[in-house]
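One structure follows; several queries about it will come next.
The values are calculated or read from the model by the stated rules, or taken from the named source; none is laboratory data. Note that the structure is predicted; figures quoted are calculated from it, not measured. Cβ: placed from backbone, ideal geometry, glycine included. Neighbour counts: every protein chain shown. When the accessible area is computed, the model is the full protein with side chains, heavy atoms only, and any ligands, DNA or RNA have been set aside. Shrake-Rupley method; radii C 1.70, N 1.55, O 1.52, S 1.80 Å.
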Amino acid sequence: MLLTHAPVWNFYAGPATLPRPALERAKDELLNFSQTGMSVMEISHRAKPYMALQSEAEALFRELLAVPDTHRVLFLQGGATLQFAMIPLNFGLRGGYVNSGEWANKAYKEAKKLGQPTLVASSAETQFDHMPEFEPTAAKDCDYLHLTSNETVQGTQWQTFPSNTGVPLVADMSSDILSRRLNVKDFGLIYAGAQKNLGPSGVTVVVVDENLAARAPETTPTMLNYRTHIEAGSMYNTPPTLAVYMLRNVLAWMMEQGGLEAIEVRNGRKSDRIYQVIDRYPDLYQGHARISARSKMNVTFRLPDTDTEKAFLKEAEAAGLIGLAGHRSVGGCRASIYNAMPEEGVEALVNFMESFAGRGR
Ligand code: PMP
């Protein structure tokens, strides 16, 4: 095959690298989806082959995450960002929020537009370098407790989740969904935009306790009401069919990898390799997250000054290591190593970081 450029390793935070076999499958099936003689983009979402595809995607997701019968899996649009508003509109205007960084804060700010949320805890005073501590019952008078399982910008992650909170736990898992096993029963609602661990942008996966969804007031606009989507099997209006197709390909690939148990172990190995280099050269690479909060998905670090950072990013790109600049709001560097990043890609980055350090600055 002719490549127009050398192979690259893609460390973008999202949209992010996708599993090669999932892309190859899309290429093979593009002009003839499910023996229809048409592409998946061209057929009715009510046609049997599409309905079968969406059911397969849902079944794969349920199996991978061991979703219990109490919870429904929905495929919605509007990104994780629309969930920031849907949650209070369905569950109540007095949620409790844990402010752990950029994304948790956005969710809290949206809830403030609609109602009177409570700020339960924050790690703002230490530049969000850890997940804030709080009493499990701190939100007991709130409608729900919202947290962000992985802060994509700061590179911090909850290692375990609070239990016995007395109110439904709602979690934004956009940047670590299906990267590790979970007890879904502990959550009232989990949501994630697909474009990091699940597929391309355009579909948002929501896992919701059906009893909790029953709470939505009648005045909730139709499209913003979880019950609408539960009743319609995520087909109230036209679903993002191509994004759901790619989601199915990614989930099927995950199953072939051995499911979440195998993926979780591999994710641990991958992030350990990069943190080891950071710890070996503390004068050059300064990790942002406290060790206890280090993310296995987004590894964030700074170099001593912006000139060295610029040189690092430029040389990395020349070596085929793409997308390592930190989020525009914080700068620095960030290696996003979601499920689809092969260990080889991580080794390429680790080797580059070692050789950059070895060049003596
Ligand atoms: N939450 C988190 C943790 C994210 O990383 C992002 C996107 N980077 C969002 C929410 C917003 O997602 P979307 O762009 O799908 O609305």
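Consider L242 carefully, then state whether it is open to solvent by 30 Å² or more (accessible area, probe 1.4 Å), touching a residue at least 40 places away in the same chain (Cβ under 8 Å) and within 15 Å of the ligand (Cβ to nearest atom).
no
Given region 250-361, what helices (runs of 4 or more DSSP H) lie entirely inside it while holding 1 or more residues that are in contact (Cβ under 8 Å) with a residue 12 or more places away in the chain and under 22 Å from the mean Cα position of the chain (by Cα)?
Helices (runs of 4 or more DSSP H) meeting the threshold: 259-280, 343-358.
Here's a follow-up. I'm checking my understanding of the structure. Among residues of region 98-120 that are more than 16 Å from the ligand (Cβ to nearest atom) and buried (at least 18 other Cβ atoms within 10 Å of the Cβ), which one is nearest to S292 (Cα to Cα)?
Step by step, filter region 98-120, then rank; the result is V120.
Filter region 140-171 down to the residues that are acidic (D, E) and in contact with a Lys or Arg (Cβ under 9 Å, 6 or more places away or on another chain), then identify the one that is farthest from the ligand (Cβ to nearest atom).
D141
Same structure again: What are the residues in region 178-196 that are more than 10 Å from the ligand (Cβ to nearest atom), under 12 Å from the mean Cα position of the chain (by Cα), open to solvent by less than 10 Å² (accessible area, probe 1.4 Å) and not hydroxyl-bearing (S, T, Y), if any?
Residues satisfying the conditions are L178, I190.
Let me ask something additional. Taking the options F91, F61, F75, name whichever one is within 16 Å of the ligand (Cβ to nearest atom) and closer than 25 Å to P240 by Cβ.
F75
Also, quick follow-up: Exactly one condition in (1) open to solvent by less than 30 Å² (accessible area, probe 1.4 Å); (2) closer than 17 Å to V250 by Cα is not met by R25; state its number.
R25 satisfies every listed condition except (1).
Considering only residues that are under 17 Å from N237 (Cα atoms) and open to solvent by less than 60 Å² (accessible area, probe 1.4 Å), look in region 59-79 and name the one that is nearest to the chain's Cα centre (by Cα).
Per the criteria, the residue is G79.
Also, quick follow-up: Is there a residue in region 37-53 that is within 25 Å of N197 (Cβ to Cβ), under 25 Å from the mean Cα position of the chain (by Cα) and of a type in the set (G, A, S)?
no
Right, another one. Taking the stated definitions as given, is G287 touching a helix residue (DSSP H, G or I) at 6+ places or on another chain (Cβ under 8 Å), at pLDDT 95 or above and open to solvent by 10 Å² or more (accessible area, probe 1.4 Å)?
The answer is yes for G287.
Does region 156-167 hold any residues that are out of contact with any strand residue (DSSP E or B) (no Cβ under 6 Å at 6 or more places or on another chain) and buried (at least 24 other Cβ atoms within 10 Å of the Cβ), and which are they?
T156, the sole residue that qualifies.
If M86 satisfies all but one of (1) more than 12 Å from the ligand (Cβ to nearest atom); (2) not in a loop (DSSP other than H, G, I, E, B), what's the number of the condition it fails?
(1) is the only condition that M86 fails.
Can you name the residue in region 202-232 that is surrounded by 18 or more Cβ atoms within 10 Å (Cβ to Cβ) and small (G, A, S) and is also nearest to R94 (Cα to Cα) among such residues?
If we take residues in region 202-232 being surrounded by 18 or more Cβ atoms within 10 Å (Cβ to Cβ) and small (G, A, S), then A216 is nearest to R94 (Cα to Cα).
Let me spell it out: the conditions are (1) under 27 Å from E256 (Cα atoms); (2) touching a Pro at 6+ places or on another chain (Cβ under 8 Å), and N99 meets all of them except one. Which number is the exception?
Unmet for N99, out of (1) under 27 Å from E256 (Cα atoms); (2) touching a Pro at 6+ places or on another chain (Cβ under 8 Å): (1).
Considering (1) in contact with a strand residue (DSSP E or B) (Cβ under 7 Å, 6 or more places away or on another chain); (2) open to solvent by 40 Å² or more (accessible area, probe 1.4 Å), say which one G95 fails and leave the rest.
Every condition holds for G95 apart from (2).
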